[in-house]
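Dumping the structure here so I can ask a few things about it.
The values are calculated or read from the model by the stated rules, or taken from the named source; none is laboratory data. Remember, it's a predicted structure, so these values are computed and weren't measured experimentally. Counting neighbours? That spans all protein chains shown, and the Cβs are built from the backbone with ideal geometry, glycine included. These area figures cover heavy atoms from the full protein model, side chains too; ligands, DNA and RNA do not enter into them. Shrake-Rupley method; radii C 1.70, N 1.55, O 1.52, S 1.80 Å.
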Amino acid sequence: MAGVDEVGRGCLAGPVFAAAVILNKNINTKVIKDSKKIPYNKRIFLSNYIKKNSIYAIGMASVEEIYYKNILNASLLAMKRALNKLKKKPSIAYVDGCFVPKKMKIKCKAIVKGDEKIASIAAASIVAKVTRDLFMIKLSKKFPKYNWKKNFGYGTSEHLNSLKKYGPTKHHRKKFKPVHNILMLETRETL
């Protein structure tokens, strides 16, 4: 059995990431919880623990794919990519949420709030979250004005203020309302 979850759907910048995880039988599942309920440093520790005690894979959908496919379809694409990269194919994949990736050779079942109910989904949420956070920290070095090393691309007031002051980058999701509104304002100002 695999658990699948995505991270970054609500961000204003950066790709969406997903992880698929098949936990080893001997892993301590009591320490594995939904990534949103775990402090940053503990998440990193747990991500490493999960990776050492599981079969896992990461999938990603780019900002361009989010633009053309919409965030839901891009999230499902990232999940599909993660599942397809697994070295061992599970008999079933439990996917956090209401939807499952399409055209899969693996049987998939959607579990609403699955990251609170199934350890492998919670593990996938942790691995995906840490992977995306580290990606955004690295990206932040090229775009320090947006402080992605702290907000990870989410729409914090600091990020929104930087967006208004400096405008969007190629890593911003241009169809997301706050980014779109700033682009429209810039367009009106140049007319």
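Leaving out ligands, DNA and RNA, what percent of the accessible area of the chain is carbon and sulfur, probe 1.4 Å? Numbers along the way, then the final one.
Working: 5880 of 10440 Å².
Here it works out to 56 percent.
Ok, one more. Over the chain, give the accessible area per residue in Å² for a 1.4 Å probe, as an integer. Show your work: numbers first, answer last.
Numbers: 10440 Å² over 191 residues.
That works out to 55 Å² for each residue.
Plugging the Kirkwood radius over Cα pairs into Stokes-Einstein for the chain, at a temperature of 37 °C and a viscosity of 0.692 mPa s, what D comes out in µm²/s?
Numbers: Rh = 17.0 Å.
D, rounded to a whole number, is 193 µm²/s.
For the chain, build the charge dipole from Cβ charges (+1 Lys, Arg; -1 Asp, Glu) around the Cα centre, then report which of PRO144, LEU163, SER62 sits farthest towards its positive end.
Going by the charge dipole, the pick is SER62.
Add +1 for every Lys or Arg and -1 for every Asp or Glu among the other residues with Cβ under 12 Å from the Cβ of ALA18, and state the total.
Numbers: positive: ARG9, LYS80, ARG81, LYS85, LYS129, ARG132; negative: ASP5, GLU6, ASP96.
Neighbour charge sum, excluding ALA18 itself: +3.
Using bins 10 angstrom wide from zero, how does P(r) for segment 1-108 break down, in % of all Cα pairs?
Computed distribution, short to long bins: 15, 45, 34, 6, 0.
I would also like to ask the following. In the chain, which whole DSSP H runs stretch at least 27 Å along their own axis (Cα) and average 0.0 or higher on the Kyte-Doolittle scale? Intermediate results must be reported in sequence, preceding the final value.
Numbers: long enough: 119-140 (31 Å, 1.10).
Span-like helices here: 119-140.
Once every DSSP H run of n ≥ 4 in the chain is given -39500 (n - 2.57) and the sum is divided by its residues, what mean residue ellipticity at 222 nm do you get, rounded to the nearest 500 deg cm²/dmol? Each step should come with its number before you reach the end.
Working: 8 runs with 89 residues, N = 191.
My calculation for the chain gives -14000 deg cm²/dmol from helical runs alone.
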